[in-house]
Structures are given as C-alpha cells and as structure tokens.
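So the structure is just underneath, and the comments pick up after that.
Nothing in this text is a laboratory measurement; each read-out follows from the coordinates by a stated rule. Please read all numbers here as calculations on a predicted model, not as lab measurements. In this analysis, Cβ positions are derived from the backbone assuming ideal geometry, glycine residues included, and neighbour counts consider all displayed protein chains.
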Amino acid sequence: GAAFVAGFLGVFSSAGTPGFGMLTTLWALTGLLYMAGGALFGVATFRAGVLSRWAAILLVAASALAPVAALLPPELQPKVAVPAGAALAWLGYALWSERRDHAAARLPGRASPSTTNMV
C-alpha cells in the first residue's frame, strides 16, 4: 500500500519510480501539450480576429513562459500559470460580453436582427 502510493506520487515529482512507465511518460508530455495547446489556440484566436487580439497575444506569451517554471522554486511555480489564466478569463469575458446582433451581422448570408424586424 505505502509503496504504491509513494511510487504513484513519484510520477508527479519526477522521481522516476518503476511500475508506472506509461503514466510517467504521459505526465512528461503534459508540459509540452500545455505549451502547444495554448500557443495554437492563441494564434488561431489572433488570426480569426473575432475575440480580443491582445488576449490572444497574452495567451501565446504565457504559453511560451511555461518552461520558466522549471527554473523557479516549487512554491513559485504555479504563479507562472497566472498570465495564461488571465488570458483565458479575458477571452471568456470577450466571448460572453459580445452582443448577439453584432455577432450575427458578421455571418455571411445572414441579416442583422435589427434589419429583419423592420416593417
């Protein structure tokens, strides 16, 4: 029991415990996937031009800063994710605060709701 728990926790602390080979590999990939996902989503958001471009730039920059966490002490490492969280919150706010008639006017082939109700 205790050896299993110690081995499982060793996966996340990079202790290299035996018996958790695939889980150790997947955990090692999460950092790369975090950086690649944030960067790709930020670039796609920037290029689409629908949401805030500054928030997209912040997301790309925050994703690129992720390796800096490895240079910091463990108690400061989570603070590196604050800019990414701020960028995602900003993008979420931009998504929810956009007016529906403004968004419908952007779609090709659809009339704005303000022009369809005219008599």
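Here the peptides 57-67, 84-94 are ranked by packing, the mean other Cβ count within 10 Å, and the order with the highest first is 57-67, 84-94.
The HN-Hα couplings worked out from phi for the range 87-94 by the Karplus form 6.51 cos²θ - 1.76 cosθ + 1.60 (θ = phi - 60°) are 5, 5, 5, 4, 5, x, 5, 4 Hz, whole numbers, x standing for Gly and Pro.
Taking the alpha carbon gyration tensor of the range 20-61, multiplying each eigenvalue by 5 and rooting it gives semi-axes of 29, 8, 5 Å, largest first.
Can you work out the FRET efficiency for the pair ALA48 and ALA86, with r the C-beta to C-beta distance and R0 = 25 Å, to the nearest 0.05? Don't skip to the end; give the middle numbers.
Numbers: r = 20 Å, r/R0 = 0.80.
The formula returns an efficiency of 0.80 here.
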